[in-house]
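So the structure is just underneath, and the comments pick up after that.
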Amino acid sequence: MVAKSRLEGILVDIPRNADDRGEAVKVMTVEKTGWPVRDTIFISSKPGVVRGAHYHKLKEEVFVVVLGRMQATLVDTKTGERKELMLDDRKRQMLFIHPYVAHAIKNVGNETAWFVEVQDTDYDKNDDYKFDM
């Protein structure tokens, strides 16, 4: 039996609900993540800045870019499988980060980018493992 890749099915479109007033987007629900949301963080990143370059053994995360353009680099630390994805505010997508997937996200735009990080647990510095991307 072949194990499923930790990098498959990690990018999910978020349905849009738009009218002449603008747009409302329901980002995180248990139905979408598969787990109850424990912590939500709103993060800014200046042009050229790379955030992350680590993995977690326990924590699941979801990233949603809300302003800007960012490149995500992902590596399955158990198999070495690598994937790069471009995320931006026009696509409205959720990027799922599973345990043992090293991740780094870089602002490739010319302005400060913003993204939301949702976690299934409270922050635990003992579950951050640096990884050479």
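The values are calculated or read from the model by the stated rules, or taken from the named source; none is laboratory data. Because the structure is a prediction, the values reported are computed rather than measured. Positions of Cβ are backbone-derived with ideal geometry, glycine not excepted, and every protein chain shown enters the neighbour counts.
Those residues that are surrounded by 19 or more Cβ atoms within 10 Å (Cβ to Cβ) and hydrophobic (A, V, I, L, M, F, W, C), I need them from the range 35-93; list them, please. Val62, Phe63, Val64, Val65, Met70, Ala72, Leu74, Val75, Leu87, listed by residue number.
Take the conditions (1) in contact (Cβ under 8 Å) with a residue 40 or more places away in the chain; (2) of a type outside the set (A, V, I, L, M, F, W, C); (3) surrounded by fewer than 16 Cβ atoms within 10 Å (Cβ to Cβ); Gln119 misses just one of them, which is (3). Can you tell me which of (1) more than 13 Å from the chain's Cα centre (by Cα); (2) among the hydrophobic types (A, V, I, L, M, F, W, C); (3) at pLDDT 90 or above; (4) within 13 Å of Gln119 (Cα to Cα) is the one Trp35 doesn't meet? Failing condition for Trp35: (3).
Within the bounds of the range 39-50, is there any residue that is modelled with pLDDT under 90 and either more than 27 Å from Asp124 (Cβ to Cβ) or under 14 Å from the mean Cα position of the chain (by Cα) (or both)? Within the range 39-50, one or more residues are modelled with pLDDT under 90 and either more than 27 Å from Asp124 (Cβ to Cβ) or under 14 Å from the mean Cα position of the chain (by Cα) (or both).
For the range 116-129, check the following and say yes or no: at least one residue is outside any strand (DSSP E or B) and within 14 Å of the chain's Cα centre (by Cα).
yes
So Met70 fits all but one of (1) touching a strand residue (DSSP E or B) at 6+ places or on another chain (Cβ under 7 Å); (2) modelled with pLDDT under 95; what number is the exception? So Met70 meets the others, but not (2).
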